[in-house]
1. For Lys302, which lysines qualify as cross-link partners when the Cα separation must be under 17 Å and same-chain residues fewer than eight apart are set aside?
2. How about the range 156-229: which chymotrypsin sites (Phe, Trp or Tyr not before Pro) there lie in a loop by DSSP and see at most 15 other Cβ atoms within 10 Å?
3. I'd like the carbon and sulfur percentage of the solvent accessible area for the range 13-298, probe radius 1.4 Å, heavy atoms only, ligands and nucleic acids excluded.
4. With +1 assigned to the C-beta of every Lys and Arg and -1 to the C-beta of every Asp and Glu, and no other charges, what is the dipole magnitude of the range 13-298 about the Cα centre in debye, to the nearest 20?
5. Given the options Ile321, Thr377, Ser338, identify the residue whose Cα lies farthest towards the positive end of the charge dipole of the range 302-390 (+1 on Cβ of Lys, Arg; -1 on Cβ of Asp, Glu).
6. Report ³J(HN,Hα) in whole Hz for each residue of the range 26-32, in order, from the Karplus equation J = 6.51 cos²θ - 1.76 cosθ + 1.60 where θ = phi - 60°; Gly and Pro get x.
7. Taking the highest mean first, how do the peptides 287-300, 332-345 order by number of other beta carbon atoms within 10 angstrom per residue?
8. What is the range 197-331 by shape, rounded, prolate or oblate, if you read a ≥ b ≥ c off the alpha carbon gyration tensor as root eigenvalues and call it rounded for a/c under 1.5, prolate for a/b larger than b/c, and oblate otherwise?
Amino acid sequence: MLRRAYSTAAASSSLLKTPLYDLHVKLGADIVDFAGYAMPVLYKGQTHIESHNWVRSHAGLFDVSHMLQQNLSGDDVIPFLDKITPSDFKSLKPWTNQLSVLLNNEGGIVDDTIITKHDDDKHFYIVTNAGTREGDLAFFKEEAKAFDVKFDIIDNTLVALQGPAAAKVLQHFTNEDLSKIYFGNSKFIKIPGFNNEEIHLARGGYTGEDGFELSIPNKISVDFTQELLGNEEVKPIGLAARDSLRLEAGMCLYGHDLNDKITPVEGSLSWVIAKNRRDPNVSKFNGSSKILAQLADRSLVKQQRIGFTSKGPAAREGAEIFSAEEPEKKIGIVTSGSPSPSLPGRVNIGQAYIDRGYHKSGTPILIQIRNKKKEATVSKQPFVAPKYYRA
């Protein structure tokens, strides 16, 4: 599975490296090329399944420094965000974040993103994907021409501490009461053991577990990461488990489950469209006419993102989907697939785009795997219930 998803780095000097690269090597990481970065996929002494299950039961530390972090500021931040996203950032409370999507003029998703409001409507923190870095920067530059906004790239290490033990572990390093910071909240916290350096903390992540994403100044990031890993509850975790964890949580991987031709409605992300932005006579965000028309009339949606489960060989990206009633009728294509380490009974899970009419949970389908059509079932997502820490 792993080598189908990632290509070996083979010590390529052309790959970008995160500030934690040398630490990954020291820890015995299997390094691969991911979005142009030399990234750990597995660590010595761990299997993919063991890594995955460790995060579900303890705490895993992921290096996500390859992602693009930026500060957005200026008088026109809200009008700018109103144009490029369908979300409502005016009503967002300070120090909270929102999962959203960046939209092109046709309503296609340029990228998915987490956007955090800091102290007022003029200061935001944005994290976008590594694989879309150059395209996102060009998109922001072009879209911002008519607005008083400024983007500043943040050169920090970004790690995700995920799992049920994450809060207990992190609490050892700060005097901040983490029990008062809930899922979707952000805050700058001081780390007394590291000269009171500040890190940006966001409670959340990409695994469905409780946890934090930590933006750490590079001058302390290696030492601080090693201190976190010194706790017996924490292990370094690579891309292999990150992918299966996010898939169990029903989360999309951009470039696979989403792209710039897919609208939020087609991508089953209608919930990112704020209720107060659904009036076509008022809302004028990029692609709003197409997106809001689809929202009002689902017959305009030809294919929709769904989840599915199956037994036997796991379906991989690109596998074709057929009707169970008419086995020669192609109705969709798989975009992500993997065995589920968490679900009992050796169940496979995946995401796909399927013709409307076949999209309802419980619908039997056929997926072509190794020249044979295997039975599968359209299923609700997430496959594993989230364990976010909420108020």
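The values are calculated or read from the model by the stated rules, or taken from the named source; none is laboratory data. Not measured: the values here are computed from a predicted model. For neighbour counting, all protein chains shown are included, and Cβ atoms are generated from backbone atoms with ideal geometry for every residue, glycine included. Surface areas here come from the heavy atoms of the whole protein model, side chains and all, with no ligands, DNA or RNA. Shrake-Rupley method; radii C 1.70, N 1.55, O 1.52, S 1.80 Å.
1. Lys261, Lys290, Lys329, Lys330, Lys360
2. Numbers: sites: Phe173, Tyr182, Phe183, Phe188, Phe194, Tyr206, Phe212, Phe224; in loops: Phe173, Tyr182, Phe183, Tyr206.
Here the sparse-neighbourhood loop sites are Tyr182.
3. Numbers: 5790 of 11580 Å².
Of the solvent-accessible surface of the range 13-298, carbon and sulfur hold 50 percent.
4. Numbers: 29 positive and 40 negative charges, 81 e Å.
So the magnitude is around 380 debye.
5. About the Cα centre, the residue reaching furthest to the positive side is Ser338.
6. 4, 7, x, 6, 7, 8, 10
7. Numbers: 287-300: 16.1, 332-345: 18.5.
Listed from highest to lowest mean packing, they are 332-345, 287-300.
8. Values: a/c = 3.35, a/b = 1.45, b/c = 2.31.
The shape class here is oblate.
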